[in-house]
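Computed from the coordinates by the stated procedures, all read-outs in this text should not be read as laboratory data. Just so it is clear, the model here is predicted, and its values are computed rather than measured. Ideal geometry is used to build each Cβ from the backbone, glycine not excepted, and the neighbour counts take in all protein chains shown.
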Amino acid sequence: MADVIVSRQGMDSARHGHPWLYRASIDHFSSSPERLGSIVRLVSEQGEPFGCGILDPNSPIAVRVWGLGPDARLDADVFRTRVERALAVRKVLFSDGRTTAYRLLNGEGDRVPGFVLDRYDDVAVLKIDGDAAKALAPTLTRDLEKVLRDAGITTLLERESGRTAARSDSDASTKSEAKRIHVRFGPEREKVQVLEHGVPWVVDLIRGQKTGAFLDQRENRRRVGELVARRLHAGLGARVLNLFSYTGGFSLRAALAGGKVTSLDIAAQAHATAQESFKLAGVAPKDHEFVAADAFAWLADAKRKGRTWDVVISDPPSFAPSEKAKPKAISAYRALHRACVEVLAPGGHFVAASCSSHVGAEEFLHTLDDAALGHNDLRLCSFYGPPDDHPTLPSFPEGRYLKLAILA
Ligand code: SAH
């Protein structure tokens, strides 16, 4: 193992559990610059080893930290142990069998930086973020097939992504991602039927975004279903507008609860999958509206026509792929949120989500303040983060990219 001498600040951050060491935290290398994906020993300025990680000489995140302590090591055994631990955590969450699509490995949050693994019934889809992790993957994942087969997985697909695996930043590369799927083991699979809290839906593994679906919104989809049911129970309206509806996750829960749903997405293909799921769950798609259009233009038109909805949901793709893009992203969220509130019926609920890791929770709430909305009669009723199967590290706020606010 080559040594990397880390600045005091970098060491402090790693010791608190932050899994990234930026270029600027690296004081120097003890030997000539190392290869992409080499396992390096982390050493303090005083020469004391304090951890290990994977080196990426070409990335601003120079090292992903995998272990702390003077004897920290990284090999297939360490990787397998972490995967087993992650699977054990999921077993507690999903053993009732009512949810069969969930995240098995959440990268940094499961202490396997760069490795994301989602389960869709008996299929798992792996996504590896970063060239260094990719280079080392064949060594680290030696026992993965056995561990996954023992957990009931019969096919492992690997989805290639040139960019980060975080939901926040992967949406833009969807088109180019479509075909880069490899079978790691088992028979090839294209579509899977899964359950989410007992509700069946269809996941298109080949054409779908991310690893196939946005699993991070599962609990929020359930909450929206409950909200619609409670509104109806209270004798209130339940016309629902689901913006950026993708394969209709929020729509289906709202429809099952008795809502009349307008789903809007720019991708017509997503509506086709949504309608398959509606049918599978016993909901007639013809009783609901599906619109393929740009959300911004369409909202302006809906406002002109005076249309309103009792519940408006907004779950757009990441507006901020980088820190630099943040000011523009904040303006876009403010404009979008105002347009949403303009079609919200009096007494309605507004559900607003953001998956931009560069936009923090408080910053996101600023895009929902009175000035942004042009309203001073709404209140923040609930505010949620990522679900239990997307664990994060306390010291790693970047992992908590998902935010969802409910205003009324
Ligand atoms: N809410 C979904 C996930 C949304 S992902 C779920 O729970 O599964 C974001 C979606 O926004 C994608 O389906 C993408 O096609 C769509 N999209 C991107 N830009 C858009 C635009 N300008 N107008 C409408 N939809 C857009």
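Here are some notes:
- Residues 340, 381 in ascending order of nearby Cβ atoms (within 10 Å, fewest first): 381, 340.
- Euclidean distance of C-alpha centroids, region 1-62 and region 191-205, integer Å: 42
- Using alpha-carbon coordinates, inclination of helix 76-94 to the longest axis of the chain, degrees: 30
- Rounded tilt (10° steps) of 326-342 against the dominant C-alpha axis of the chain: 20
- Degrees, to the nearest 10: 218-233 long Cα axis against longest axis of the chain: 20
- P(r) tail for the chain: Cα pairs beyond 38 Å make up 24% of the total.
- When the Gaussian network model of the chain links Cα atoms closer than 10 Å, the mean-square fluctuations of 210, 260, 328 top out at 328.
- The calculated 222 nm mean residue ellipticity attributable to helices in the chain amounts to -9000 deg cm²/dmol, summing -39500 (n - 2.57) over DSSP H runs of n ≥ 4 and dividing by all residues.
- Alpha-carbon centroid distance for the pair region 75-117 / region 274-346, whole angstrom: 32
- Share, in percent, of DSSP beta bridges within the chain that are antiparallel, nearest 5: 65
- Distance (nanometres) between label positions extended 7 Å along Cα→Cβ at residue 284 and residue 77: 6.3
- Couplings 3J(HN,Hα) for region 294-304, derived from phi with the Karplus relation 6.51 cos²θ - 1.76 cosθ + 1.60 (θ = phi - 60°), are 7, 4, 5, 5, 5, 5, 4, 5, 4, 5, 4 Hz, where x marks Gly and Pro.
- Segment residue 206-residue 292, extension gain: residue separation times 0.36 nm, minus the distance between their alpha carbons: 28.9 nm
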